[in-house]
Amino acid sequence: MTPMWGPQRIDSVTARFRLWAPDRETLALEIDGGAPIAMRRDAEGWFSVDADAAPGCHYRFRLDEDLAVADPASRAQHGGVHGWSVLHEPDSYAWKCADWTGRPWHEAVIQEVHAGVLGGFNGVAERLSALAELGVTAIQLMPIAAFGGTRNWGYDGVLPFAVAEAYGSPDALRSLINRAHAHGLMVMLDVVYNHFGPDGNYLGAYAKGFFDEHADTPWGGAVAVSQPAVRRFFIENALMWLRDYRFDGLRFDAVHAIADNAFLDEMAREIRAELPGRHIHLVLENENNDADRLGPGLYDAQWNDDFHNVLHVLLTGETDAYYAGFASEPTSRLARCLAEGFIYQGETPPGEGAHPRGTPSAHLPATRFVAFLQNHDQIGNRAMGERLTVLADHDRLRAATALLLLSPQIPLIFMGDEDGSTSPFLFFTDFTDELAEAVREGRRREFASFAAFVDPEPRAAIPDPNAPDTFHASTPKPGADAGSWHALYRDLLAIRHESIVPRLASARGRGADVLGDGAVCARWEMADGKTLTIAVNLGDGEVGFPPAGEPLYALGTAGAPGSFAAWLA
């Protein structure tokens, strides 16, 4: 299918430029150094024109005398999101791992990274060798689409097809992916299809129908994927990352805010049909805990927030905000999570305005769930950005880490976890003037209902998202006992790859028992018929660990607080 969005090369000197601008009657293409070129409008609001355009030329669309805008499907920008779009030629890059087809999903051990705090794409590339040696098999980049300013988590992107200039060029990104594949590492990308950021989003000036006027999200106007042009925008974006940059998979941010399962299914099926012969992995973030989206031919897995939430309660004792839904009987909830995947499978969490959440998931293989102890959200959405190494007892945290890395759910770790980092990961932006002030004060109001921030003085100490120091403080630094943490991760991942991954493809939970407060024992039937049994004690009292076969790994005195054991029989 010919793409609707973005420039298309017609021949060696000519390119076709298109823009969906149904709210406009006239539109002009401007190529830097040339006169404006009038564009033709069709009945559906698409403007197009063929023009002489060399690779690398700068262009934009003139809406009226006072406003010229970037191409929303620009592949690269010059001068930021308010500047010129760049005519980029993706076929010019010489791939060195052209025969790479990826790795099966059950082999995935993922580290989530933020390219900006690691020094851009080149900085991430310098870490690949160490990650591969550790036992990581995939990196997942937080969103890299162009956003306002030079510092951002990435969820304020406004040009989803363009690589953020602050991280490097499109070819620098390709080089990172090329080097990752040479190390045997997959590369996944977090993409945001539920809203646009506030700085540099001009779609409302010429295509108000891009947004659903009857819906909203916590972050901005909801996109109207019921519109054919809007559906194609996001499906073509997904295909671009996978085809032009050879990403191995995508993580789709907060799809519950899109609220259109038919669109999600259509996108997954088209991606798989367009890219046969490659291991392409599609992962959802979905508060709805919708097992139907994880069926054959759709999505490989969902981020299992339930796993994190219940373990956070057990490790820290915190029960504020969304942890309130896991405060009651957390040990039983952990047992259900290990045996069945989701904790919430149709139940209603506590809280005003809560509604039933989730669908039954016990029938799904364990690899349909991505488990984590922390990620960018759970660290950075804290006022001070603390990691579990700051919040939790380290013996219990080590036991929880063993549970994460040896259980059959797909493990995801956050950059710095493997070195016991105590560096914060803070919320940061690079907005200016009124928007910067609104974000700063909004961030502080967000925490006003928390006991620790009721008084103005502690609220004033919450780091300013727009301060450069907030960004720089978020670079992960090894902790004081980095060596022991690194050895723990290395040893656990070696066991995972040797003894669990070969048996993992269709592993399913076969029940879990509560051994005591904070202690559980769970079992899985592996692909070769063997049973993996794991026992962990995150509580304060001693319990009995039932021996269940050949020992795989043990941590601490069996059954003592902070202990862990795994067997294979």
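The values are calculated or read from the model by the stated rules, or taken from the named source; none is laboratory data. Worth saying up front: this structure is predicted, and the values here are computed from it rather than measured. FYI the Cβ positions are ideal-geometry reconstructions off the backbone, even for glycines, and counts take in every protein chain you see. For the accessible areas, the whole protein counts, side chains as well, though only heavy atoms, and no ligand, DNA or RNA atoms are used. Shrake-Rupley method; radii C 1.70, N 1.55, O 1.52, S 1.80 Å.
Residues considered: 560, 535, 548, 565. Of these, the only one that is more than 30 Å from the chain's Cα centre (by Cα) and crowded, with 22+ Cβ neighbours inside 10 Å is 565. Selection over the stretch 189-215 of residues that are out of contact with any Lys or Arg (no Cβ under 8 Å at 6 or more places or on another chain), of a type in the set (D, E, K, R) and either at pLDDT 95 or above or closer than 18 Å to residue 285 by Cα (or both) gives a count of 2.
Are any of the residues in the stretch 426-437 part of a loop (DSSP other than H, G, I, E, B), among the charged types (D, E, K, R) and surrounded by 15 or more Cβ atoms within 10 Å (Cβ to Cβ)? First the steps, then the outcome.
Taking the stretch 426-437 first, the residues part of a loop (DSSP other than H, G, I, E, B) are 426-432.
From what's left, among the charged types (D, E, K, R): 430.
Checking the rest, the ones that are also surrounded by 15 or more Cβ atoms within 10 Å (Cβ to Cβ) come to 430.
Within the stretch 426-437, one or more residues are part of a loop (DSSP other than H, G, I, E, B), among the charged types (D, E, K, R) and surrounded by 15 or more Cβ atoms within 10 Å (Cβ to Cβ).
The number of residues in the stretch 511-531 being out of contact with any helix residue (DSSP H, G or I) (no Cβ under 7 Å at 6 or more places or on another chain) and loosely packed, with under 14 Cβ neighbours inside 10 Å comes to 1. So which residues in the stretch 79-98 are of a type outside the set (A, V, I, L, M) and surrounded by 18 or more Cβ atoms within 10 Å (Cβ to Cβ), if there are any at all? Within the stretch 79-98, 80, 84, 85, 88 meet the criteria. Restricting attention to the stretch 476-492, the residues being among the small types (Gly, Ala, Ser) and over 12 Å from residue 422 (Cα atoms) number 3.
Residue-by-condition table, conditions (1) assigned to a loop (DSSP other than H, G, I, E, B); (2) open to solvent by 70 Å² or more (accessible area, probe 1.4 Å); (3) closer than 19 Å to residue 341 by Cβ:
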position: 270; (1), (2), (3): no, no, no
position: 273; (1), (2), (3): no, yes, no
position: 276; (1), (2), (3): yes, yes, no
position: 283; (1), (2), (3): no, no, yes
position: 293; (1), (2), (3): no, no, yes
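For the residues 451, 473, 480, the requirement of being open to solvent by less than 40 Å² (accessible area, probe 1.4 Å), over 23 Å from residue 184 (Cα atoms) and touching a residue at least 24 places away in the same chain (Cβ under 8 Å) singles out 473. The selection criterion, being buried (at least 17 other Cβ atoms within 10 Å of the Cβ) and in contact with a Pro (Cβ under 6 Å, 6 or more places away or on another chain), holds for residue 76.
May I ask you to verify whether residue 471 is closer than 22 Å to residue 148 by Cα and in contact with a helix residue (DSSP H, G or I) (Cβ under 9 Å, 6 or more places away or on another chain)?
Numbers: closer than 22 Å to residue 148 by Cα: yes; in contact with a helix residue (DSSP H, G or I) (Cβ under 9 Å, 6 or more places away or on another chain): no.
For residue 471, the condition - closer than 22 Å to residue 148 by Cα and in contact with a helix residue (DSSP H, G or I) (Cβ under 9 Å, 6 or more places away or on another chain) - is not met.
It is to be established whether one or more residues within the stretch 214-223 are over 17 Å from the mean Cα position of the chain (by Cα), buried (at least 23 other Cβ atoms within 10 Å of the Cβ) and in a helix (DSSP H, G or I). No, because not a single residue in the stretch 214-223 is over 17 Å from the mean Cα position of the chain (by Cα), buried (at least 23 other Cβ atoms within 10 Å of the Cβ) and in a helix (DSSP H, G or I).
Starting from residues that are among the hydrophobic types (A, V, I, L, M, F, W, C) and within 17 Å of residue 370 (Cβ to Cβ), keep the ones in the stretch 298-336 and report whichever is farthest from the chain's Cα centre (by Cα). Step by step, filter the stretch 298-336, then rank; the result is 334.
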